[in-house]
């Protein structure tokens with residue numbers, strides 16, 4: 001049975017309190033929709049760049065943004081990694097809003113399949129490993145860790161799921177997510193894609209456990225800032241069976257919550273900076289237009305006239321503003337003109 005050893009230090013308590021304060025502040029404020037949409041796009045690019053970079057992907061952020069914008073048909077493996085991770089972020093973003101959520105092996109296999117699709121042998125893609133593996137440090141290019149035998153992977157994962165479910169009302173969600181993240185890395189359940197899968201799964205867990213910043217949040221960015229430190233904290237060095245009785249999660253949990261604070265403060269700063277631009281602020285009539293399109297699928301000028309008392313010239317300006325901000329697109333011409341969400 002998974003029974004992690006850790007100590008609730010003053011630093012850990014302080015971090016949990018600080019995170020609650022920042023999240024409460026962010027949730028109590030309203031930001032323009034256009035700002036949030038742009039932040040989501042940036043966060044996905046940063047997450048894809050950082051999480052794959054941790055594993056040794058050499059592409060700079062500028063190339064990552066270009067790939068995500070253009071989505072080329074023919075790509076190298078390094079570019080495929082980026083596109084896979086971004087696709088997983090978008091699909092899992094919807095999962096965070098689902099009412100039902102089951103933490104199980106099938107779910108983890110689906111995540112790993114998304115990030116490794118087209119990059120590894122098909123029999124290892126979306127399947128728990130059936131063979132021994134070893135972990136290399138991608139920077140030092142040497143073996144640093146021998147995980148548990150493959151026969152123990154599924155029982156260890158089930159123990160982890162049971163622990164998370166049993167303690168979800170008694171252990172702080174931040175601690176549960178942190179414990180899950182490191183134990184997943186220790187178990188190393190797949191032949192490849194473990195790090196990316198761990199970070200995506202942890203992101204979903206945080207969102208489901210009330211830290212709902214999934215679409216704006218990129219704690220991968222914090223880890224990528226000092227990859228050596230991340231590997232030192234999250235992983236083990238040596239043979240699992242020589243270390244299992246001495247594994248302590250305290251230092252990792254402190255580091256894990258440090259990273260969340262760092263990323264939340266970055267998000268807060270970015271939101272505040274973007275929100276002060278008056279050109280990007282959406283008014284109530286803009287929001288009515290967007291809500292109408294979401295409900296009906298499109299909007300015409302006649303529809304918009306029924307929602308607001310604004311004159312035709314100002315309605316035209318409203319349409320142009322939302323087009324320039326990348327929120328809507330114009331379809332057709334003349335009396336057949338209508339607008340849909342981009």
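Scoring 40-51, 313-324 by mean Cβ neighbours within 10 Å over their residues and listing the highest first yields 40-51, 313-324. When you restrict to C-alpha pairs under 8 Å that are six or more residues apart and normalise by the size of segment 99-149, the relative contact order lands at 23 percent. Label zone (residue 171, point 7 Å along Cα-to-C-beta; backbone nitrogen cut-off 19 Å) within segment 214-253: 233-236, 244-253.
The relative contact order of segment 282-341 comes to 37 percent, based on Cα pairs under 8 Å that sit 6 or more residues apart. Relative to the longest principal axis of the Cα atoms of the chain, the long axis of helix 33-54 lies at roughly 30 degrees.
Within segment 184-342, the proportion of Cα pairs with more than 28 Å between them is 49 percent.
Calculated FRET efficiency, residue 284 to residue 320, Cβ-Cβ distance, R0 = 22 Å: about 0.75 to the nearest 0.05.
Computed over segment 1-103, the Cα gyration tensor eigenvalues convert (square root of 5λ each) into semi-axes of 31, 21, 16 Å, ordered from largest to smallest. With contacts defined as alpha carbon pairs under 8 Å and 6 or more residues apart, what's the relative contact order of the chain in percent? Once normalised by length, the contact order is 23 percent. Computed from Cα atoms, the angle from the helix 10-27 axis to the main principal axis of the chain rounds to 20 degrees. Report, to the nearest 10°, how far helix 153-166 tilts away from the longest principal axis of the Cα atoms in the chain, using its own Cα long axis and a range of 0 to 90°. Helix 153-166 sits roughly 60 degrees off the main axis of the chain.
Listed highest first by mean packing, meaning other Cβ atoms within 10 Å per residue, what order do 219-228, 191-200, 20-29 come in? Provide the component values of the computation, followed by the final result.
Details: 219-228: 18.6, 191-200: 23.8, 20-29: 12.6.
My ranking of the peptides, most packed first, is 191-200, 219-228, 20-29.
Just for the chain, what percent of DSSP beta bridges are antiparallel, to the closest 5? In the chain, approximately 80 percent of DSSP beta bridges are antiparallel ones.
Listed highest first by mean packing, meaning other Cβ atoms within 10 Å per residue, what order do 248-261, 166-179, 282-295 come in? Don't skip to the end; give the middle numbers.
On the way: 248-261: 19.9, 166-179: 16.8, 282-295: 15.2.
The packing order, highest mean first, is 248-261, 166-179, 282-295.
Going from the residue with the fewest nearby Cβ atoms within 10 Å to the one with the most, 309, 122 rank 309, 122. Between segment 303-342 and segment 121-138, the alpha-carbon centres lie 51 Å apart.
Under the classification rounded if a/c is under 1.5, otherwise prolate if a/b is larger than b/c and oblate if not, where does segment 282-341 fall, given a ≥ b ≥ c as square roots of the Cα gyration tensor eigenvalues? Kindly include the intermediate steps, with their values, before the conclusion.
Numbers: a/c = 1.18, a/b = 1.07, b/c = 1.10.
Rounded.
Rule-of-thumb check for the chain: C-alpha Rg over 2.2 N^0.38 Å?
Values: Rg = 22.7 Å, N = 342, 2.2 N^0.38 = 20.2 Å.
Compared with the compact-globule rule of thumb, the chain sits at 1.12.
In this simple spin-label approximation, residue 143 and residue 336 carry label points 7 Å from Cα along the Cα→Cβ vector, and these lie 6.8 nm apart. Fewest-first ordering of 8, 111 by other beta carbons within 10 Å of each residue's beta carbon gives 8, 111. Taking 0.36 nm per residue of sequence separation and removing the Cα-Cα distance, the residue 110/residue 130 pair yields an extension gain of 5.5 nm.
Pulled fully out, how much extra length does the chain show between residue 74 and residue 228, if you take 0.36 nm times their separation in residues and subtract their Cα-Cα distance? Roughly 52.2 nm would be gained on extension. Comparing Cα centroids, segment 140-176 and segment 1-63 end up 21 angstrom apart.
Coordinate-derived values only; no laboratory data. These numbers were taken from a predicted model, which means no experiment stands behind them. Note that we place each Cβ from the backbone using ideal geometry, even for glycine, and neighbour counts take in every protein chain shown.
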